[in-house]
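See below for the structure under consideration.
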Amino acid sequence: MRTTDIALALVFATAVAGCVTMSGQESRATTTLEPTRGNTTGGTVTFVQRRGSVHVVADIHGLKPNSEHGFHVHEKGDCSSGDGMSAGGHFNPEGVQHGNLGGHAGDMPNLKADANGNAKVAFDSTKMTVTEGKLSIVGKGLIVHRDPDDYVSQPVGNAGPRLACGVIKAA
């Protein structure tokens, strides 16, 4: 092979590799929320990692109509207790204060239920990942609370009892 052919082959290989890398390969995780004892709240949540953020899409039902509810990633992927308490506290691997998306990795915006008790939300977070590492939410719990998060009270926002629990799993 001539030097120019080798150079062209290298340019082509690099371009192909760049296209694969830039193709937007995404890491995904999902959970199905199940009601805690005595509640009817449930739903599905997907997490898609794209470059430096995770896109979260939630579809939740069985909420009190026209109300807000705290929504957090919790430290343990365990929903066995019936009341959601086995999921532990908020997922906070960096030990920062609680508060909306500016807070720790488990902080997410409140869910806002419509007149039928359904909430749909989509947002991006740079505080969590679905890939390996200390900010990974895979294997963690996801909780919907009865009350809205006040984004002030430490360490968990005074969001009240847990209505639904799910374990986040890689998809």
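What follows draws every value from the coordinates through simple rules; no lab data is involved. It should be emphasised that the depicted structure is a prediction, and the values quoted were computed from it without experimental measurement. Positions of Cβ are generated from backbone atoms using ideal geometry, with glycine treated the same way; all protein chains shown enter the neighbour counts.
Is it the case that Ala115 is over 12 Å from the mean Cα position of the chain (by Cα) and in a loop (DSSP other than H, G, I, E, B)? Against the criterion (over 12 Å from the mean Cα position of the chain (by Cα) and in a loop (DSSP other than H, G, I, E, B)), Ala115 qualifies. Could you please find all residues in the stretch 33-67 being crowded, with 18+ Cβ neighbours inside 10 Å, part of a strand (DSSP E or B) and among the small types (Gly, Ala, Ser)? Of everything in the stretch 33-67, those that are crowded, with 18+ Cβ neighbours inside 10 Å, part of a strand (DSSP E or B) and among the small types (Gly, Ala, Ser) turn out to be Gly42, Gly43, Ala58. Number of residues in the stretch 125-171 that are in a loop (DSSP other than H, G, I, E, B), closer than 26 Å to Gly82 by Cβ and in contact (Cβ under 8 Å) with a residue 24 or more places away in the chain equals 16. Can you pull out the residues in the stretch 68-124 that are in contact (Cβ under 8 Å) with a residue 24 or more places away in the chain, among the β-branched types (Val, Ile, Thr) and surrounded by fewer than 24 Cβ atoms within 10 Å (Cβ to Cβ)? Result: Val121, single match. For the stretch 85-117, a residue qualifies if it is closer than 17 Å to Val56 by Cβ and not small (Gly, Ala, Ser), and the qualifying residues are His90, Phe91, Asn100, Leu101, His104, Asp107, Met108, Pro109, Asn110, Leu111, Lys112.
Would you be able to say whether some residue in the stretch 116-126 is closer than 20 Å to Glu26 by Cβ and of a type in the set (S, T, N, Q)? Checked the stretch 116-126: at least one residue is closer than 20 Å to Glu26 by Cβ and of a type in the set (S, T, N, Q).
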